[in-house]
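Undergrad: First the structure, which I've put down as structure tokens, then a few questions once you've had a look.
The values are calculated or read from the model by the stated rules, or taken from the named source; none is laboratory data. This structure is a prediction, so every number in the text was calculated from the model and none was measured. FYI the Cβ positions are ideal-geometry reconstructions off the backbone, even for glycines, and counts take in every protein chain you see.
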Amino acid sequence: MIAVLEELRAEVYRALKALPSNGLVQGTSGNASGRDGDYVVIKPSGVEYDSLSPDNLVVVDLSGRVIEGVLKPSVDTLAHTHSTYATVYAVLGRSIPVYLTEIADLFGGPIPVSSYVPPGDEKIGKEFAEKACPGRFQALLMRNHGVFTAGKTPKDALTAALIVEHSARIAHLAEDVGNPAVLPEEEVRKLHERYGEAYGQRSDEKG
Ligand SMILES: [Zn+2]
């Protein structure tokens, strides 16, 4: 095994285990992955979350060729859930407005929704690159499908997936009860910048 990837295998494993325990995925669906240079550590396709271990994760290169692992890699290499409330917005083709400061902090704008792309199609990556909100935390509602997120680490991608689901849930309930106020663009920009600076400092402290 590639020794430098041991830490990344452990990180991806922890992010993967957190998906079902936070109710973000059902059955074997969903995925989380992590990248180190030319290597991507990814969940094998169709394997139960209970059967996962850091050692049976698959390592692929950036073109998707399997470097380590006997199990087929999952069909895509982005963090990916079918979490309930966020998927409702994906089904409606609606972005999630910036009702919450958390959305401003992490994503710096509404959580956008993609055009329809069939599951497993390589166009999903292209769609994500073009339409996901940019930054350390990236997210895109995949039309009629679910949620794709990315971050600098598997933990960031997981955080993004959790905040997207939480935001969708609040948005749904708020819209159901009344007319929630969207944060003004100027305020969203300020919050996002401030969060970015604070996040940078925290990362520096950890070295
Ligand atoms: Zn899916």
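Undergrad: Is segment 77-88 home to any residue that is at pLDDT below 85 and in a loop (DSSP other than H, G, I, E, B)?
TA: yes
Undergrad: Select from segment 1-14 the residues that are touching a Gly at 6+ places or on another chain (Cβ under 7 Å) and buried (at least 21 other Cβ atoms within 10 Å of the Cβ) and list them in ascending order.
TA: Across segment 1-14, the qualifying residues are L8, V12.
Undergrad: Exactly one condition in (1) within 16 Å of the ligand (Cβ to nearest atom); (2) in contact (Cβ under 8 Å) with a residue 60 or more places away in the chain is false for A104; which is it?
TA: Unmet for A104, out of (1) within 16 Å of the ligand (Cβ to nearest atom); (2) in contact (Cβ under 8 Å) with a residue 60 or more places away in the chain: (1).
So that you can scan it fast, the table gives a plain yes or no per residue for (1) within 30 Å of G37 (Cβ to Cβ); (2) surrounded by fewer than 18 Cβ atoms within 10 Å (Cβ to Cβ); (3) touching a strand residue (DSSP E or B) at 6+ places or on another chain (Cβ under 8 Å):
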| residue | (1), (2), (3) |
| --- | --- |
| T101 | no, yes, no |
| A104 | no, no, no |
| D121 | yes, yes, no |
| A132 | yes, no, yes |
| H145 | yes, no, no |
| A160 | yes, no, yes |
| L191 | no, no, no |
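Undergrad: Turning to a different aspect of this structure: Quick one: which helices (runs of 4 or more DSSP H) sit completely within segment 90-207 and have at least 3 residues that are acidic (D, E)?
TA: Output list reads 154-177, 185-206.
Undergrad: Report, ordered by the first and then the second residue, all pairs with beta carbons closer than 8 Å, sequence separation of six or more or different chains, a first member in segment 78-91 that is more than 30 Å from S63 (Cβ to Cβ), and a second member that is hydroxyl-bearing (S, T, Y).
TA: Y89/S95
Undergrad: Also, I was wondering about something else. Among the residues of segment 107-130, what is the count of those that are in contact (Cβ under 8 Å) with a residue 24 or more places away in the chain and of a type outside the set (A, V, I, L, M)?
TA: 11
Undergrad: So the check is Cβ under 6 Å with 6+ separation or different chains; which pairs have a first residue in segment 131-143 that's within 16 Å of the ligand (Cβ to nearest atom) and a second one that's in a loop (DSSP other than H, G, I, E, B) and aromatic (F, W, Y)?
TA: Between residues of segment 131-143 that are within 16 Å of the ligand (Cβ to nearest atom) and residues that are in a loop (DSSP other than H, G, I, E, B) and aromatic (F, W, Y), the close pairs are R143/Y116.
Undergrad: Does R94 satisfy the criteria of being more than 14 Å from the ligand (Cβ to nearest atom), surrounded by 15 or more Cβ atoms within 10 Å (Cβ to Cβ) and either more than 18 Å from the chain's Cα centre (by Cα) or closer than 21 Å to K123 by Cα (or both)?
TA: Yes: the conditions hold for R94.
Undergrad: Quick one: S167 ticks every box in (1) over 24 Å from A15 (Cα atoms); (2) hydroxyl-bearing (S, T, Y); (3) away from the ligand (no atom under 16 Å from the Cβ) except a single one, so which number is it?
TA: (1)
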